[in-house]
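Only one structure is covered here, and it is reproduced in the block below.
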Amino acid sequence: VQLQAYGGGLVQAGGSLRLACAASGHTFNRWTMAWFRQAPGKEREFVAAITSSGGSTYYAGPVKGRFTISRDNAKNTVYLQMNSLRPEDTAVYYCAATPLASWNLVEVGMYDYWGQGTLVTVSS
């Protein structure tokens, strides 16, 4: 599985961005997908996850109510809609895939495949 994330950029606080992650392969609809982020000098942290069918989602506390994860299995793509962005959301955002079937997979080590990351910068 190869993952390619895109859609990052510079946005003012309060603004919105939509990230996308395109996956190769024929088994995308069997994978739990997630977004993580890593700010400078900090460890990579969980943001959101979505089960293979899209029926269940899970969010980290700091983004709950502001971010929405979704997927289009026909397009092999997972999305992260980010609203009401804050300067503390500034980070490199990574998409990740795992064959584990659960909605609360929040650890980096649970994911087998990673995209290259896309930078999101939120100015104050």
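The values are calculated or read from the model by the stated rules, or taken from the named source; none is laboratory data. Note that this is a predicted model, so its numbers are computed, not measured. Every residue, glycine among them, receives a Cβ derived from its backbone with ideal geometry; neighbour counts consider all protein chains shown. Heads up: the accessible areas ignore ligands, DNA and RNA and are worked out on the full protein's heavy atoms, side chains in. Shrake-Rupley method; radii C 1.70, N 1.55, O 1.52, S 1.80 Å.
Counting other Cβ atoms within 10 Å, keep those with at most 15, restrict to DSSP loop, and tell me which trypsin sites (Lys or Arg not before Pro) in the stretch 1-92 are left. Write down the numbers at each step before the final one.
On the way: sites: ARG18, ARG30, ARG37, LYS42, ARG44, LYS64, ARG66, ARG71, LYS75; in loops: LYS42, ARG44, LYS64, ARG66, LYS75.
Sparse-neighbourhood loop trypsin sites (Lys or Arg not before Pro): LYS42, LYS64, ARG66, LYS75.
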VAL92 accessible area, assembled protein chains, probe 1.4 Å, Å² | 40
Whole-Hz Karplus couplings 3J(HN,Hα) for the stretch 5-18, θ = phi - 60° and coefficients 6.51, -1.76, 1.60, Gly and Pro as x, run 9, 7, x, x, x, 9, 9, 7, 3, x, x, 10, 9, 10
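To the nearest 20 Debye, how big is the dipole of the stretch 27-124 about its Cα centre, given +1 on the beta carbon of each Lys and Arg and -1 on that of each Asp and Glu? Present the calculation step by step, with values, prior to reporting the outcome.
Values: 9 positive and 7 negative charges, 39 e Å.
Approximately 180 debye in magnitude.
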Note, ³J(HN,Hα) from phi for the stretch 100-107, Karplus 6.51, -1.76, 1.60, rounded to Hz, x at Gly and Pro = 5, 9, 7, 9, 10, 8, 10, 9
For the stretch 62-119, the Cα convex hull volume per residue in Å³ comes to 113
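Under the definition of Cα pairs under 8 Å and six or more residues apart, what whole-number percent is the relative contact order of the chain? Don't jump to the answer; show the numbers that get you there.
Working: 314 pairs, mean separation 45.1, N = 124.
Once normalised by length, the contact order is 36 percent.
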So what J values fall out for the stretch 73-82 if you push phi through Karplus, 6.51 cos²θ - 1.76 cosθ + 1.60 with θ = phi - 60°, rounded to Hz, Gly and Pro as x?
-> 5, 5, 9, 6, 9, 10, 10, 9, 8, 10
For the residue pair ARG86 and ASN73, what label-to-label distance in nm results when each label sits 7 Å from Cα along the Cα-to-beta-carbon direction?
-> 3.5
The answer for GLY117, listing residues at least 5 apart or on another chain whose modeled amide H is closer than 5 Å to its amide H, is ALA5, CYS95
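Set the Förster radius R0 to 30 Å, insert the Cβ-Cβ distance between GLN2 and LYS64 as r into 1/(1 + (r/R0)^6), and round the FRET efficiency to 0.05.
Working: r = 30 Å, r/R0 = 0.98.
Between GLN2 and LYS64 the formula returns 0.50.
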Once both labels are modelled 7 Å past Cα along the beta-carbon direction, what's the THR57-SER123 spacing in nm?
-> 2.9
